[in-house]
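**Student:** One structure is given below, represented as structure tokens, and several questions about it will come after.
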Protein chains: 2
Amino acid sequence: MSLIVQKFGGSSVANAERVFNVARIVTDTYQKGNNVIVVVSAQGDTTDDLIEKAKEINENASTREMDMLLACGEQISISLLAMAIEKIGCPVVSLTGWQAGFVTDSNHGMARIRRINKERIENEFAKKNIVIVAGFQGLNRYDDITTLGRGGSDTSAVALAAAMHADLCQIYTDVDGVYTADPRIVKHAQKLTEISFDEMLELASLGAQVLHNRSVEMAKKYNVNLEVRSSLVKKPGTIVKEVVSVEKMLIRGVARDNDVARISVVGLPDKPGIAFKVFSLLAGKKINVDIILQSIGRHGTKDISFTTSRSHKQAALDTLHEHMQSIGAEDIICEENISKISLVGAGMQSNPGVASKMFEALGEANINIQMISTSEIKISILIDINDSEKALNVIHDAFIHD
Amino acid sequence: MSLIVQKFGGSSVANAERVFNVARIVTDTYQKGNNVIVVVSAQGDTTDDLIEKAKEINENASTREMDMLLACGEQISISLLAMAIEKIGCPVVSLTGWQAGFVTDSNHGMARIRRINKERIENEFAKKNIVIVAGFQGLNRYDDITTLGRGGSDTSAVALAAAMHADLCQIYTDVDGVYTADPRIVKHAQKLTEISFDEMLELASLGAQVLHNRSVEMAKKYNVNLEVRSSLVKKPGTIVKEVVSVEKMLIRGVARDNDVARISVVGLPDKPGIAFKVFSLLAGKKINVDIILQSIGRHGTKDISFTTSRSHKQAALDTLHEHMQSIGAEDIICEENISKISLVGAGMQSNPGVASKMFEALGEANINIQMISTSEIKISILIDINDSEKALNVIHDAFIHD
């Protein structure tokens, strides 16, 4: 007998038919003799509808009351799924975040899980119940309902798997696994049977939106076996785990991220502490910066370029313009028609030829590289957004399709 | 400084505009220096929509999961009302039933309140917060969410008023008080400034659907001052309390109840224990019986007639037909085109002329009486449903309009 955590997103439970589809997956697993915990998100557009209702009343509602409101989304879907499982004839109980023992900090709207009290779920297992848990939510120490923010339900599932020492945590989505590239864009994209946490982290952060980074980080920390698989097609997905057994494949995947803006601060005085000044200003406004590049400018000055998400772009520009004089910049330039392409693979760290092979493929396709950034398991480049699909294909084919 | 509990029904918070209307009533009361607890029902049709969602999945869902689902209705409305009050600029916090300390039994779907833990609300008062509480819901001792069933939000409000020793419990509705008869039917109906708990109980149970009986019973038990008033018009409503001060008016009101079916069990053997047999059968099926009348039948037999609600009619008929032989009945007759008209007033118990005056008025209007039942503060009659509006008017005018 194993303990399996299964997580289903909002589209998987969007209507009665899909709720029954999920109920069948769950009861099949249960009837094979497993203990099953099911984590569910809010149905389809429920969360957006609730946000709409709130905005009609108060655009600046407190995050505490927003959490009270939004937590209803998952409470509705857990009870409906429980009813479907009752109809199939298996013993089941639905639990809100607080009933399932989720204790979080008080950071409403983006709370962090502090711990999970296991008693209730253990009691339900003793009664042979399938346990359905509302994802995305918990309770702070003042007994107020909190929500976990983006990727919250994935994180709830992984946290439960860690706390309960589950044998497997299955994340059901509308794709059937993790691919070497987005199959809608790259013709020869291949499904991976396995991927390491680190590789998945790089892919997740680079726009392969299968799993939220936060949940992968937690899975890595507590060594939770993750499986990404389809809720619609019954076949094995991709296993995400600490060490990938057979290290045949050098490269794990190619990802694209279009949510990028590049900002260049031009003509800075060439003296110590300038970079610190620029980035401490941005950090003070909680602006996340991704790739940073510093180069020599004209007349003994230097230029600093960095990328940020498009949602942070305006705040970054405003902050820099405000302090243009104190940092001594000549100009601030913003470029948005760019795309970040990243090649990810744990194997590449011991293989110096990877970068040159990548650049060669791009050169042959006549694609200009604007910025380059590398880490142990990743090479990222910035290119014109119009070249991005072509770039994905030529890089993918150079490394993966032979 | 007073402590005032204000309760608003689902139609009072049906849309953003009405939510703000409620928010203004609440903040006006708060800004006069009062502690305010607001009890809210689910918005407009939310509860029906949720029930619809459940039925699509499982017509026979467990009451435990139905409660989990339905509790969301109030959780949505409390958070939206809190956001409106935040917008107006007053300090506020919304609490679910369990956060507000409602402990109930485990009778899902129609739970009884066991006690209210006051700590949380007292803490919120110490912070000068307006406290919004989700009506209709609580938590049982297994930490499962329960709902209180029909009239639940009124009951939540009165229970809070009792537990917190509130100075006043205001029930806001779409009528502006308790009338001597339904003003839509009886032209000369008058609004009462005061009414006693017992009179209100009789009126409530007789189809004057202003306050649910359960809440009036609780108010009487804990001597809570109730006021029924309009959420739309700003004027005093009707005070419901233990002793009505000036006992000028003999009669408090005339009410009609069309949700009545009369069942007659005809030709029973005239021997002891027959009535017990009939009504224990009905009690075993949890069928509520209202008026009972036993009369002599033909050939030394007896007939037993009783009334029940239309929703219980079929179950009653089925039960009686099933046991027709064992109870020795010759026939079972059902009549549905009837209406119950009741005259209510604490003054009538010491005035023997009331009944005859009532029957005289009906006789003059040529209305035939089918059954009569009397209590200390009430006289009820059954008549043809087509005569009911005329009957309401002639009785009302005979006693109240002079």
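The values are calculated or read from the model by the stated rules, or taken from the named source; none is laboratory data. Just so it is clear, the model here is predicted, and its values are computed rather than measured. Cβ placement follows ideal geometry from the backbone for every residue including glycine, while neighbour counts extend to all protein chains displayed. Accessible surface is based on the protein model in full, side chains and every heavy atom, while ligands, DNA and RNA are left aside. Shrake-Rupley method; radii C 1.70, N 1.55, O 1.52, S 1.80 Å.
**Student:** Considering each residue of the range A:38-71, count those that are among the hydrophobic types (A, V, I, L, M, F, W, C), farther than 18 Å from B:GLY73 by Cα and either open to solvent by 20 Å² or more (accessible area, probe 1.4 Å) or within 9 Å of chain B (Cβ to nearest Cβ) (or both), and give that number. Walk me through how you get there before you give the answer.
**Tutor:** Residues of the range A:38-71 that are among the hydrophobic types (A, V, I, L, M, F, W, C), as a first pass: A:38-40, A:42, A:50-51, A:54, A:57, A:61, A:66, A:68-71.
Next, only the ones that are farther than 18 Å from B:GLY73 by Cα stay: A:38-40, A:61.
So of that shortlist, the ones also either open to solvent by 20 Å² or more (accessible area, probe 1.4 Å) or within 9 Å of chain B (Cβ to nearest Cβ) (or both) come out as A:61.
So the count comes out to 1.
**Student:** So B:GLY101 fits all but one of (1) more than 29 Å from A:ILE85 (Cβ to Cβ); (2) among the small types (Gly, Ala, Ser); (3) more than 12 Å from chain A (Cβ to nearest Cβ); (4) touching a strand residue (DSSP E or B) at 6+ places or on another chain (Cβ under 7 Å); what number is the exception?
**Tutor:** (3)
**Student:** Could you list, ordered by first residue, the pairs with Cβ atoms under 7 Å in which the first is in the range B:115-137 and within 15 Å of B:ALA82 (Cβ to Cβ) and the second is among the hydroxyl-bearing types (Ser, Thr, Tyr), at least 6 apart or interchain?
**Tutor:** As it stands, the answer is B:ILE130/B:TYR30; B:ILE132/B:SER94; B:VAL133/B:SER156; B:ALA134/B:THR96; B:GLY135/B:SER41; B:GLY135/B:SER153; B:GLY135/B:SER156, since those pairs meet every condition given.
**Student:** Taking the condition of being surrounded by fewer than 19 Cβ atoms within 10 Å (Cβ to Cβ) and facing chain B (nearest Cβ under 7 Å), how many residues in the range A:86-98 meet it?
**Tutor:** Looking only at that region, the number is 1.
**Student:** To continue, here is another question. For the range B:293-309, name all the residues that are within 24 Å of B:SER342 (Cβ to Cβ) and either without any contact (Cβ under 8 Å) to a residue 40 or more places away in the chain or exposed (fewer than 12 other Cβ atoms within 10 Å of the Cβ) (or both). Reasoning before the result, please.
**Tutor:** Start the filter on the range B:293-309 by keeping residues that are within 24 Å of B:SER342 (Cβ to Cβ), which leaves B:293-295, B:303-309.
The answer is B:GLN294, B:SER295, B:ASP303.
**Student:** May I pose another question? Taking the residues in the range A:22-33 that are in contact (Cβ under 8 Å) with a residue 40 or more places away in the chain and over 14 Å from A:ILE78 (Cα atoms) as candidates, determine which candidate is least open to solvent (accessible area, probe 1.4 Å).
**Tutor:** A:THR27
**Student:** Conditions first: (1) within 12 Å of chain B (Cβ to nearest Cβ); (2) small (Gly, Ala, Ser); (3) touching a residue at least 24 places away in the same chain (Cβ under 8 Å). A:SER12 passes all but one, so which condition is the exception?
**Tutor:** Here A:SER12 clears every test but (1).
**Student:** Would you point out the residue of the range B:371-383, among those that are over 22 Å from B:ILE185 (Cα atoms) and of a type outside the set (Asp, Glu), that is least open to solvent (accessible area, probe 1.4 Å)? Explain how you work it out, then say what you get.
**Tutor:** Here is the first cut: in the range B:371-383, the ones over 22 Å from B:ILE185 (Cα atoms) are B:371-377.
Next cut, of a type outside the set (Asp, Glu) only: B:371-375, B:377.
Details: B:MET371: 7, B:ILE372: 77, B:SER373: 32, B:THR374: 96, B:SER375: 51, B:ILE377: 22 Å².
Per the criteria, the residue is B:MET371.
**Student:** It is to be established whether one or more residues within the range B:72-85 are farther than 23 Å from A:SER79 by Cβ, more than 8 Å from every other protein chain (Cβ to nearest Cβ) and not in a helix (DSSP H, G or I).
**Tutor:** Checked against the condition, which is being farther than 23 Å from A:SER79 by Cβ, more than 8 Å from every other protein chain (Cβ to nearest Cβ) and not in a helix (DSSP H, G or I), the range B:72-85 yields no hits at all.
**Student:** Looking only at the range B:94-135, count every residue that is over 29 Å from the mean Cα position of the chain (by Cα) and among the aliphatic types (A, V, I, L, M) and tell me the total.
**Tutor:** Final tally of qualifying residues: 1.
**Student:** Also: Need the failing condition index for B:ASP154 against (1) of a type in the set (D, E, K, R); (2) in a helix (DSSP H, G or I); (3) within 12 Å of chain A (Cβ to nearest Cβ), just the number.
**Tutor:** B:ASP154 satisfies every listed condition except (3).
**Student:** Looking at (1) modelled with pLDDT of 90 or more; (2) open to solvent by less than 50 Å² (accessible area, probe 1.4 Å), which is the only condition B:TYR222 fails?
**Tutor:** Unmet for B:TYR222, out of (1) modelled with pLDDT of 90 or more; (2) open to solvent by less than 50 Å² (accessible area, probe 1.4 Å): (2).
**Student:** A:GLY347: in a helix (DSSP H, G or I), closer than 26 Å to A:GLU202 by Cα and touching a Leu at 6+ places or on another chain (Cβ under 7 Å), yes or no?
**Tutor:** Numbers: in a helix (DSSP H, G or I): yes; closer than 26 Å to A:GLU202 by Cα: yes; touching a Leu at 6+ places or on another chain (Cβ under 7 Å): yes.
Yes.
**Student:** Let me ask something else about it. Name every residue in the range B:225-251 that is among the aliphatic types (A, V, I, L, M) and at pLDDT below 90, in order of residue number. Walk me through it before giving the result.
**Tutor:** Taking the range B:225-251 as the starting set, the residues that turn out to be among the aliphatic types (A, V, I, L, M) are B:226, B:228, B:232-233, B:239-240, B:243-244, B:246, B:249-251.
Selection gives B:LEU232, B:VAL233, B:VAL243, B:VAL244, B:VAL246, B:MET249, B:LEU250, B:ILE251.
**Student:** Given B:ASN386, B:ASN337, B:ASN366, B:ASN351, which one is exposed (fewer than 15 other Cβ atoms within 10 Å of the Cβ) and without any contact (Cβ under 8 Å) to a residue 24 or more places away in the chain? Walk me through it before giving the result.
**Tutor:** On the way: B:ASN386 fails: without any contact (Cβ under 8 Å) to a residue 24 or more places away in the chain; B:ASN337 fails: without any contact (Cβ under 8 Å) to a residue 24 or more places away in the chain; B:ASN351 fails: without any contact (Cβ under 8 Å) to a residue 24 or more places away in the chain.
Exactly one of B:ASN386, B:ASN337, B:ASN366, B:ASN351 is exposed (fewer than 15 other Cβ atoms within 10 Å of the Cβ) and without any contact (Cβ under 8 Å) to a residue 24 or more places away in the chain, namely B:ASN366.
**Student:** Looking only at residues in the range B:107-131 that are away from chain A (no Cβ under 13 Å) and assigned to a helix (DSSP H, G or I), which one is farthest from B:ARG141 (Cα to Cα)?
**Tutor:** Only one residue fits best here, namely B:ALA126.
**Student:** How about the range A:86-106: which of its residues are part of a loop (DSSP other than H, G, I, E, B) and closer than 11 Å to A:GLY138 by Cβ?
**Tutor:** Residues of the range A:86-106 part of a loop (DSSP other than H, G, I, E, B): A:89-91, A:96-101, A:105-106.
Within the range A:86-106, A:THR96, A:GLY97, A:TRP98, A:GLN99, A:ALA100, A:GLY101, A:ASP105, A:SER106 meet the criteria.
**Student:** Working only within the range A:5-60, note down all residues that are outside any strand (DSSP E or B) and of a type in the set (Val, Ile, Thr). Steps first, please.
**Tutor:** Taking the range A:5-60 as the starting set, the residues that turn out to be outside any strand (DSSP E or B) are A:9-34, A:41-60.
Selection gives A:VAL13, A:VAL19, A:VAL22, A:ILE25, A:VAL26, A:THR27, A:THR29, A:THR46, A:THR47, A:ILE51, A:ILE57.
**Student:** Every residue in the range B:279-298 that is in a loop (DSSP other than H, G, I, E, B) and either touching a Ser or Thr at 6+ places or on another chain (Cβ under 8 Å) or not basic (Lys, Arg) (or both), please. Give the derivation first.
**Tutor:** Let us first name the residues in the range B:279-298 that are in a loop (DSSP other than H, G, I, E, B), namely B:285-291, B:297-298.
Hits for the range B:279-298 are B:LYS285, B:ILE287, B:ASN288, B:VAL289, B:ASP290, B:ILE291, B:GLY297.
**Student:** Take the residues in the range B:251-281 that are under 17 Å from B:HIS321 (Cα atoms) and touching a Leu at 6+ places or on another chain (Cβ under 8 Å); name whichever of them is surrounded by the most Cβ atoms within 10 Å (Cβ to Cβ). Give the steps one after another, and end with the answer.
**Tutor:** Narrowing the range B:251-281 to residues under 17 Å from B:HIS321 (Cα atoms): B:261-269, B:274-281.
Cutting the leftovers down to touching a Leu at 6+ places or on another chain (Cβ under 8 Å) gives us B:262-263, B:265, B:274, B:278, B:281.
Details: B:ARG262: 22, B:ILE263: 23, B:VAL265: 25, B:ILE274: 19, B:VAL278: 23, B:LEU281: 17.
Selected residue: B:VAL265.
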